[in-house]
Amino acid sequence: MEQRQSQIVLGLDPDPARLWPDAAQSATGSSIAEQAASAVTAHCCQLIDAAGPACVVVKPQLACFERLGAAGRASLGEVVAHAKAAGLLVLADGKRGDIDVSAKAYCQSLIGQTETPFGTVEGLGADAFTANPYMGVDTLEVLIDGARENRAGVFVLVRTSNAGAADFEDLELTDGGPLWERVARSVDQLGGSEALSDVGAVVGATAPENVARMRELMPRTIFLLPGIGAQGGEVEQLAPAFEPGRAGGLVSASRSIVFAYEEHGGSPADAARGQAEALREAAWSLGAEG
């Protein structure tokens, strides 16, 4: 098969009760948390080895690791290191957002480091992270400044993929347009003056009818497009995200890759690899047509 430049993001949302069989059986550790975390690490690393060659980014959902306590946070660090060793970028999905002091600490935790009287403590080492805009532009500015200082990226939630996004994000403002349009305009303005914005946008693939308008409002912005597969989104409906220009989009999928073997048969690794490659081809075709 001809190699295609990948636009696929591999979502890592490990459920300790639903891991690949080989990973679950490999658990080690002296406590329940350590055993669960070791199995999660094995599962994610096996998934990266199988599907990673068809992807460009891995996107660990931080809560899925953090719920296992200290052992889960250690697992997250191991998985990030494994992804980077495989040549993949890492996008930490924590949807952070807070006032200046806390926002700075989030940057140090995810993409930077912290100076202490005892020396420098390195953070997670991610290349980018997701951010929640609903505490205001001032909170986003701190996160964006931190990302720029660390040569990292930020993807701001604009219109998310969950059904409840309609509860607030679609609300009509008194001066016209839904709330997500106001967020989109802010993202465009915050993205600097270069031809390609250094602030990305999370644009749910489950509402493809909004994608063309978002591309109009954010012509220089890279879109992170979650919701493909298990949430019902389809790559073929996202063509406006890949209109001519340098921005384009990153198609994110998790469960549809991880559990492809349950639908298509074969080993978990082979099925995951095949599903990721199919998504890469579909996304590449949209970019080639744009």
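Each reported figure results from applying straightforward, stated rules to the coordinates on display, with no laboratory input. A quick note: this is a predicted structure, and the numbers were derived from the prediction, not measured. With ideal geometry, Cβ positions are generated from the backbone for all residues, glycine too; neighbour counts draw on all protein chains shown.
Below, the figures for the structure above:
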read-out: DSSP beta bridge pairing in region 8-289, given as percent antiparallel to the nearest 5; value: 15
read-out: At most 15 other Cβ within 10 Å, DSSP loop - GluC sites (Glu not before Pro), region 206-285; value: E234
read-out: Ascending count of other beta-carbon atoms within 10 Å, so fewest first, for L196, L143; value: L196, L143
read-out: In Hz, Karplus ³J(HN,Hα) per residue of region 199-206 (6.51, -1.76, 1.60; θ = phi - 60°; x = Gly, Pro); value: 10, x, 10, 8, 10, x, 6, 7
read-out: Residues whose placed amide H lies under 5 Å from that of G11, excluding near-sequence neighbours; value: K59, A253, S254
read-out: 5 angstrom amide H check on V156, placed H, neighbours 5+ away; value: A131, G200, A201, V202
read-out: In Hz, Karplus ³J(HN,Hα) per residue of region 257-274 (6.51, -1.76, 1.60; θ = phi - 60°; x = Gly, Pro); value: 8, 4, 10, 4, 5, 5, 9, 9, x, x, 6, x, 5, 5, 5, 5, 4, x
read-out: Peptides 7-16, 96-105 ordered by average Cβ neighbours within 10 Å, highest first; value: 7-16, 96-105
read-out: Low-density loop positions, GluC sites (Glu not before Pro), region 115-204 - DSSP coil, at most 11 other Cβ in 10 Å; value: E194
read-out: For region 6-21, Karplus couplings with θ = phi - 60° (6.51, -1.76, 1.60), whole Hz, Gly/Pro x; value: 7, 10, 9, 10, 8, x, 10, 10, x, 9, x, 8, 9, 10, 4, x
read-out: Gain in span if fully extended, Q237 to D170, counting 0.36 nm per residue against the direct Cα distance; value: 22.1 nm
read-out: Loop-located trypsin sites (Lys or Arg not before Pro) in region 116-207, at most 12 other Cβ atoms within 10 Å (DSSP); value: R151
